[in-house]
Amino acid sequence: DIERSGFIHLRFENRFNANFSLEYFAQGQMDVPLKIDQRYLLGAGMRVALHKQKVLSFYTGHLLMLEYDEERETGNAYQNTRLSSYLNFNWHPSEALTFLVIAYYQPRLDKFSDYRLAIQGQLAFRLWKSLSFTFNAKYAYDAYPVALDNIPQLTYKVGNGVVFKF
């Protein structure tokens, strides 16, 4: 139960020009340790390229997001509308090295004190043409997590992996 969780995220982008695009996303999640039985998100909004070059790029996005949450154990269910704003930093100093960081801020529109903050980072080293080694880190803060005393507001996760692209 330490790491029994699932996550799927689909994102589509319609570009207006080199700097502006419309994004759509859908997400499904479950997390046994955090007592999230089901979480579904659906959203759309604008993505803007603040700086865009091959080696270094910055993006920001601001989307409206519908959320449905069901808690494990308590049985509580919630439907909320949130803003989902993010900053994305991509650095590719060479063909073999990539560093990515993205930070999300997601307040409820009817209660700004109920927000989530997440920062994700990845450092990837290409080993061969289609094979890379990754080091990943994630920090997450939820102002109002599941309504149980033993669920922390602050969580983090560090890991590594192998990526094969085909």
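The values are calculated or read from the model by the stated rules, or taken from the named source; none is laboratory data. Just so it is clear, the structure is predicted and the values come from calculations on it, not from any experiment. Virtual Cβ from ideal backbone geometry, glycine too; neighbours counted across all protein chains shown. Side chains are part of the model used for accessible areas, which takes the heavy atoms of the whole protein and leaves out ligands, DNA and RNA. Shrake-Rupley method; radii C 1.70, N 1.55, O 1.52, S 1.80 Å.
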Q: Go through the residues of the range 20-29 one by one and say whether even a single one is among the small types (Gly, Ala, Ser) and not in a strand (DSSP E or B).
A: no
Q.
If I ask for residues that are closer than 17 Å to Ala140 by Cα and either part of a loop (DSSP other than H, G, I, E, B) or open to solvent by 40 Å² or more (accessible area, probe 1.4 Å) (or both), which ones from the range 30-51 would you list?
A. Met30, Val32, Pro33, Leu34, Lys35
Q) How many residues are hydroxyl-bearing (Ser, Thr, Tyr), within 28 Å of Leu66 (Cβ to Cβ) and surrounded by 15 or more Cβ atoms within 10 Å (Cβ to Cβ) if we restrict to the range 78-104? A) 4
**Q.** Looking only at the range 105-119, and only at residues there that are among the charged types (D, E, K, R) and outside any strand (DSSP E or B), the one that is least open to solvent (accessible area, probe 1.4 Å)
**A.** Asp114
Q: Only residues that are at pLDDT below 95 and assigned to a strand (DSSP E or B): list them for the range 52-76, please.
A: Lys52, Asp69, Glu70, Glu71
Q) Identify, please: which residue in the range 125-152 is among the polar types (S, T, N, Q) and loosely packed, with under 15 Cβ neighbours inside 10 Å and is, among those, nearest to Leu64 (Cα to Cα)? A) Asn150
Q.
Which of the numbered conditions does Gln122 fail, given that it passes all the others? Conditions: (1) polar (S, T, N, Q); (2) open to solvent by less than 70 Å² (accessible area, probe 1.4 Å); (3) closer than 24 Å to Ala44 by Cβ.
A. (3)
Q. Is one or more of the residues making up the range 93-101 at pLDDT 95 or above and within 22 Å of Asp31 (Cα to Cα)?
A. no
Q: From Asn150, Asn90, Asn136, grab the single residue that is within 21 Å of Lys35 (Cα to Cα) and either in contact with a Leu (Cβ under 8 Å, 6 or more places away or on another chain) or of a type outside the set (Phe, Trp, Tyr) (or both).
A: Asn150
Q) Restricting attention to the range 87-98, does a residue exist that is β-branched (Val, Ile, Thr), over 16 Å from the mean Cα position of the chain (by Cα) and not in a strand (DSSP E or B)? A) no
